[in-house]
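K.L.:
I have a structure here, written as structure tokens, and I will follow up with some questions on it.
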Amino acid sequence: MNRKLSLGVLFILAIFTSATYINFVSADTSGGNSSPNLSATIVISQVYGGGGGAAGTYMFDYVELFNLSNAPQSLNGLVLQYGSATGQFGSVATNIFALPNVTVAAGQHYLVQLGQAGAGGAALPVTPDATSTNLSMAAAGGKVALTNTATALGCGATATPCALPDARIIDLAAYGTSNNAEGGASAGNGVALTSTQGAVRKANGCAETDNNDNDFDVVTAPVPRNLASPATPCGGTPTPTPVRGALYDFTGDGKTDWTTFRFGATTGAPIRWRVVGNPASPAPNAAFIREFDYGLTGDFIVPADYVGDRQTDMTIWRSGIYYVAQLPTGSGGITLDRAVQWGQSGDDPRSVGDYDGDGKIDYTVKRGNFVNNTVTWFIMSSSTNTMRAVQFGAMTTGFLPVTFPGADFTGDGRDELIIANGAGALGGAITYIIGDAVTGAGIATIQWGDAATDHAVAPADYTGDGRADLVAWRGRTSTAADAGVWYIRNTATGTATGTRFGIGGASDLAVRGDYDGDGRHDIAVYRRSNQTFYALSSLNGSLLFQQSGIAGDLPLGNLFVQ
């Protein structure tokens, strides 16, 4: 379930505990020629042969398998056999690898790291389920067969191709310049792949027409998945429909829009906004490009859906008043819809959330008191129009608890209160404290992130289980081996995953939103050097991007700038 919330000014860092690396892959549904021998159990879902060299996305080759059936499948007795672009399958013993006796659940992926380590490239971003020094594959073209025999197939060369279907071959993936492809056309249709590209089966592994060119995309910097990655059952689990609209969806199409703004040079100067409709890549929706002034420099920016129409309201907060408006429908300026008195000067309005679970964001301010060491939230329920004051969290001398927008950590449809306490702005352990928005009772206390290297991203549902997850993005350094990795802690399981995306250092800003409209948040950054949003689709692993703004603009959705 997507959590639609406002963001506030925030610069926090946290203590990183442990993490393995994650997943995501590119996909798209596609039709094609049918075959009487379509694979119905385990298929090859990714092939990457760019490892083992001086340059490439990863230092190792890999093959990813996928269970596209609706029942568990065993790998016992199954074997991978590799053939060069025009060579035989299993021509030498090192071109054969027998898989272990492992059961793969419906919709699960299984990752096999292969070949020798290259001098260039990164380690695989998720932990392999199996490793072998066999199957050193070529980047430009090759083919892999999943077979039920460890004996070399004895076919695959140009002069002696394997006749398909073949009872010994469960699935076959030929890529690039390879011959002997399913359907007669390799992934990439005969065009050589580079060391940064891989073949990725469409529809999260579910596309199967026995035509490699139809069934696979050629993807730059593909992201493999393993058994620990979220399952993607074929037809078993429909894409969830979010209870609320997407975060920062001003156009009402279910997707976060590409939105930037810039403050004026002095307090009281207008704030300039630019909203580009989504979808926008490769070209924006020209009907939804809006640029206008709204709010004054010094105001808090808190856009969210306060009326429950699944469309974000343009909202700023100034001296105890929420000013709420709709996105302009044309080239004219914005028109104020309502002004709501809530809070007082000195309050912090950036922790708004849906605390009563009615699908509307509640007007909320946080007020701290160093005298009695308390933090109090004042919440106006959108369902009852009544106020409640909830004390939760504590002030500590020299450190003001960081405000987060509410997020649903329990999966009950109501957001929880969340603050982070720590020993100073850039040092010490950062502790996330989560509490019930009705009673103020504590729910969880979790440490997450690394104060020296990480930026925090507002908690949100990145795993698609209806619960908010904690996120630390290693964006404070450009030299660390894992710079640019997003560490996501699944609230339901406590397990950690990591995905490399974005550039560490000063160029990128982490942004939050559902840019593909699938109901869960996407890993995303805004690159200030070229004023471009980049998002990794949680729906299919594809790269989404859109230029928005001019030099000096800031992205909506980043905690450090709002």
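K.L.:
Per DSSP helix of 4 or more residues, -39500 (n - 2.57); summed, then divided by the residues of the chain. What does that give at 222 nm, rounded to the nearest 500?
P.N.:
Only helices count here, giving 0 deg cm²/dmol.
K.L.:
Ok, one more. Given a Förster distance of 30 angstrom, what is the FRET efficiency for Ala394 paired with Thr297, based on the Cβ-Cβ distance and rounded to 0.05?
P.N.:
Values: r = 32 Å, r/R0 = 1.06.
The value I calculate is 0.40.
K.L.:
When the accessible area of the chain is computed with all protein chains present and a 1.4 Å probe, what percentage of it is carbon and sulfur? Before the final figure, lay out each step's value.
P.N.:
Values: 10610 of 19630 Å².
The value for the chain is 54 percent carbon and sulfur by accessible area.
K.L.:
Expressed in nm², what is the orientationally averaged projection area of the convex hull enclosing the Cα positions of the chain?
P.N.:
Details: hull surface 101.7 nm².
So the mean shadow area of the Cα hull is 25.4 nm².
K.L.:
Find how many whole Å separate the alpha carbon centroid of region 508-562 from the alpha carbon centroid of region 347-365.
P.N.:
24
K.L.:
Defining a contact as two alpha carbons under 8 Å apart and six or more residues distant in sequence, what relative contact order in percent does the chain show?
P.N.:
Details: 1740 pairs, mean separation 93.3, N = 562.
Over the chain, the number comes to 17 percent.
K.L.:
At Ala167 and Asp412, where each label point lies 7 Å from the Cα along Cα→Cβ, what is the point-to-point distance in nanometres?
P.N.:
6.0
K.L.:
Right, something else. With a probe of 1.4 Å, find how much accessible area region 51-122 has per residue, and write the answer as a whole number in Å². Could the numbers behind the result be given before it?
P.N.:
Numbers: 2510 Å² over 72 residues.
On a per-residue basis, region 51-122 sits at 35 Å².
K.L.:
May I pose another question? Just order 291-297, 214-220, 265-271 by mean Cβ neighbour count inside 10 Å, highest at the front, would you?
P.N.:
Details: 291-297: 17.3, 214-220: 22.0, 265-271: 11.6.
Answer by packing, highest mean first, reads 214-220, 291-297, 265-271.
K.L.:
Something else about it: Would you mind giving the average projected area, over all directions, of the Cα convex hull of region 492-562 in nm² with one decimal?
P.N.:
On the way: hull surface 22.6 nm².
For region 492-562, the mean projected area of the Cα convex hull comes to 5.6 nm².
K.L.:
Please report Rg over Rh for region 47-131, where both radii come from the alpha carbon positions and Rh follows the Kirkwood definition.
P.N.:
Details: Rg = 13.9 Å, Rh = 13.9 Å.
Rg/Rh: 1.00.
K.L.:
Under a plain spin-label model, where a point goes 7 Å from the Cα along Cα-to-Cβ, how far apart in nm are Ile321 and Met387?
P.N.:
A separation of 1.7 nm, rounded to one decimal place.
K.L.:
Net charge near Gly295, counting Lys/Arg +1 and Asp/Glu -1 over other residues with Cβ under 12 Å of its Cβ? Provide the component values of the computation, followed by the final result.
P.N.:
Working: positive: Arg262, Arg272, Arg318; negative: Asp293, Asp299.
Local charge sum for Gly295: +1.
K.L.:
What whole number of Å gives the distance from the Cα centroid of region 183-203 to the Cα centroid of region 308-343?
P.N.:
48
K.L.:
What is the gain in length, in nm to one decimal, between Ala71 and Ile550 on full extension, counting 0.36 nm per residue of separation less the C-alpha to C-alpha distance? Let's see the in-between values first.
P.N.:
Values: separation 479, 0.36 × 479 = 172.44 nm, distance 5.12 nm.
Gain on stretching Ala71 to Ile550: 167.3 nm.
K.L.:
Now for a different question. List the cysteines in the chain whose Cβ has no other cysteine Cβ under 4.7 Å from it.
P.N.:
That list is empty.
K.L.:
Can you list the equivalent-ellipsoid semi-axes of region 108-166, largest first and in whole Å, using the square root of 5 times each Cα gyration tensor eigenvalue?
P.N.:
Working: eigenvalues 138, 48, 21 Å².
Sorted largest first and rounded, they come to 26, 16, 10 Å.
K.L.:
With an 8 Å Cα cut-off and a minimum separation of 6 or more residues, compute the relative contact order for region 119-256 in percent. Present the calculation step by step, with values, prior to reporting the outcome.
P.N.:
Numbers: 196 pairs, mean separation 26.4, N = 138.
Relative CO of region 119-256 lands at 19 percent.
K.L.:
I need the per residue convex hull volume for region 407-521, using only the alpha carbons, in cubic angstrom as a whole number.
P.N.:
Numbers: hull volume 12.1 nm³, N = 115.
Value for region 407-521: 105 Å³ per residue.
The values are calculated or read from the model by the stated rules, or taken from the named source; none is laboratory data. Since we're looking at a predicted model, the values are computed, not measured. A quick note on method: Cβ atoms are made from the backbone with ideal geometry, for glycine too, and the neighbour counts reach across all protein chains shown. Note: areas computed on protein heavy atoms with side chains; ligands, DNA, RNA excluded. Shrake-Rupley method; radii C 1.70, N 1.55, O 1.52, S 1.80 Å.
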